[in-house]
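The values are calculated or read from the model by the stated rules, or taken from the named source; none is laboratory data. These figures come from a predicted structure and were not determined experimentally. All Cβ positions, glycine included, derive from the backbone under ideal geometry; neighbour counts span all protein chains shown. Areas reflect the complete protein model, heavy atoms only, side chains present, ligands, DNA and RNA absent. Shrake-Rupley method; radii C 1.70, N 1.55, O 1.52, S 1.80 Å.
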Amino acid sequence: MTRALTCVFLMMCAGTPALAQTTDAGFGEALSPSMAATVKAMHASIRRNLAEAAAAMPAGDYAFKPTPQMRSFGELVGHVVNANAFFCAQAKGERPASTTNYEKTPDKATLVKRWEKRSPRATPPTRGRRTQTSVSS
């Protein structure tokens, strides 16, 4: 009997870590049968989180490097700005609008401005495909 109760208790405890997994990105509400709608919602959440992190970091800390071999926070934001512009231009079949390497720009105001300028244009294209939408009841 003790063995059976122990087994039941362990089985109940095994699911507890799964219940503790949370995210504030809102992906749960954004999930849809349409892959395109899900990707757009996830892209918007990540874009918002990056913009908030870049704006919240004090300008003096943009040069912070955890170790000398790693990128500074400003270089990391610049890298994301460059990659976002490159991949979104590729997806649209265009050339990137700028050849400036923002990874070498340590200025917070310039990086935040570039992120905000490029971010709305960087919506993943659907190329005219119809997307399925879920019907709420």
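Where residues in the stretch 87-117 are open to solvent by 90 Å² or more (accessible area, probe 1.4 Å) and within 16 Å of the chain's Cα centre (by Cα), which of them is modelled with the lowest pLDDT? Even if it seems obvious, please write down each step before you answer.
The initial filter retains those residues of the stretch 87-117 that are open to solvent by 90 Å² or more (accessible area, probe 1.4 Å), namely 87, 90, 94-95, 99, 104, 106, 113, 116-117.
Narrowing the set further to residues that are within 16 Å of the chain's Cα centre (by Cα) leaves 87, 116.
Working: F87: 84, E116: 76.
The residue in question is E116.
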Matching residues in the stretch 62-71 - criterion: being out of contact with any Pro (no Cβ under 7 Å at 6 or more places or on another chain) and open to solvent by less than 70 Å² (accessible area, probe 1.4 Å): T67
Among L10, L31, the single one that is at pLDDT below 80, touching a helix residue (DSSP H, G or I) at 6+ places or on another chain (Cβ under 9 Å) and not basic (K, R) is L31
How many residues are within 26 Å of T110 (Cα to Cα), open to solvent by 70 Å² or more (accessible area, probe 1.4 Å) and either assigned to a loop (DSSP other than H, G, I, E, B) or acidic (D, E) (or both) if we restrict to the stretch 31-57? 1
